[in-house]
1. Quick check: is even one residue across region 41-52 touching a residue at least 40 places away in the same chain (Cβ under 8 Å), touching a strand residue (DSSP E or B) at 6+ places or on another chain (Cβ under 6 Å) and either surrounded by fewer than 17 Cβ atoms within 10 Å (Cβ to Cβ) or among the hydroxyl-bearing types (Ser, Thr, Tyr) (or both)?
2. Is it fair to say residue 58 is closer than 30 Å to residue 109 by Cα and surrounded by 15 or more Cβ atoms within 10 Å (Cβ to Cβ)?
3. Among what's in region 53-64 and is in contact (Cβ under 8 Å) with a residue 24 or more places away in the chain and among the aliphatic types (A, V, I, L, M), pick the residue that is farthest from residue 90 (Cα to Cα).
4. For the structure I just gave you, tell me whether residue 143 is β-branched (Val, Ile, Thr) and over 12 Å from the mean Cα position of the chain (by Cα).
5. Among what's in region 61-93 and is buried (at least 18 other Cβ atoms within 10 Å of the Cβ) and over 20 Å from residue 39 (Cα atoms), pick the residue that is nearest to the chain's Cα centre (by Cα).
6. If you go through region 109-128 one residue at a time, how many are surrounded by 10 or more Cβ atoms within 10 Å (Cβ to Cβ), farther than 15 Å from residue 47 by Cβ and of a type outside the set (S, T, N, Q)?
7. Just to be sure I understand the filter: pairs with C-beta atoms under 9 Å, separated by 6 or more residues or on different chains, first member in region 12-38 and without any contact (Cβ under 8 Å) to a residue 12 or more places away in the chain, second member hydroxyl-bearing (Ser, Thr, Tyr) and not in a loop (DSSP other than H, G, I, E, B). Which pairs pass?
8. Within region 1-40, count every residue that is touching a strand residue (DSSP E or B) at 6+ places or on another chain (Cβ under 6 Å), hydrophobic (A, V, I, L, M, F, W, C) and surrounded by 11 or more Cβ atoms within 10 Å (Cβ to Cβ).
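Nothing in this text is a laboratory measurement; each read-out follows from the coordinates by a stated rule. In this text, all values refer to a predicted model and were calculated from it rather than measured experimentally. All Cβ positions, even for glycine, are placed from backbone atoms using ideal geometry, and neighbour counts span all protein chains on display.
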Amino acid sequence: MEIKIEYLKYEDLSEYKKMLDDVLGKSNSLEHFQAHYKENHPNCKVIVAKKDSEIIGTITFALIDTFTSSMDPKVEFSNFATSLSARGTNAATLLMNFVTNYAKEHGYKSIVVNCLADASRAHRFYEKMGFERLDSVRFRLEVSE
């Protein structure tokens with residue numbers, strides 16, 4: 001069956017949550033997704049890979065193009081996941097190609113991702129897709145309780 005790449009739709013949120021829970025072990029509640037879903041968000045895009053009506057993969061990307069970053073407008077992606085059943089189906093490559101083509105077509109200069117240091121399978125995939133490994137240290141500050 002053919003894999004389709006499309007924007008996440010409100011009516012697919014239940015299937016989206018199911019896939020995330022299967023891959024990540026848990027995700028936000030369906031009610032949270034429903035309350036915060038925004039179709040055509042100007043700075044954030046959620047893309048899914050579907051096989052029939054089943055969501056088998058997803059990627060979320062943010063558009064970073066402020067006046068302070070106008071020399072290097074970039075796309076940063078996160079929540080990149082494919083179900084176990086999607087492994088070997090090319091779904092991950094199709095999702096990444098969607099983001100790459102979007103960036104090129106809209107004038108973005110680079111695509112970036114933060115990745116866990118021990119996620120060697122993801123590292124290999126990103127390098128296979130042409131990403132260059134950068135030396136950096138990631139910091140985080142929790143600001144909510």
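1. Within region 41-52, none of the residues are touching a residue at least 40 places away in the same chain (Cβ under 8 Å), touching a strand residue (DSSP E or B) at 6+ places or on another chain (Cβ under 6 Å) and either surrounded by fewer than 17 Cβ atoms within 10 Å (Cβ to Cβ) or among the hydroxyl-bearing types (Ser, Thr, Tyr) (or both).
2. Answer is yes for this residue.
3. 63
4. Judged against the criteria, residue 143 is a match.
5. 81
6. Of the residues in that region, 11 qualify.
7. 27/16
8. Residues that pass the stated criteria total 5.
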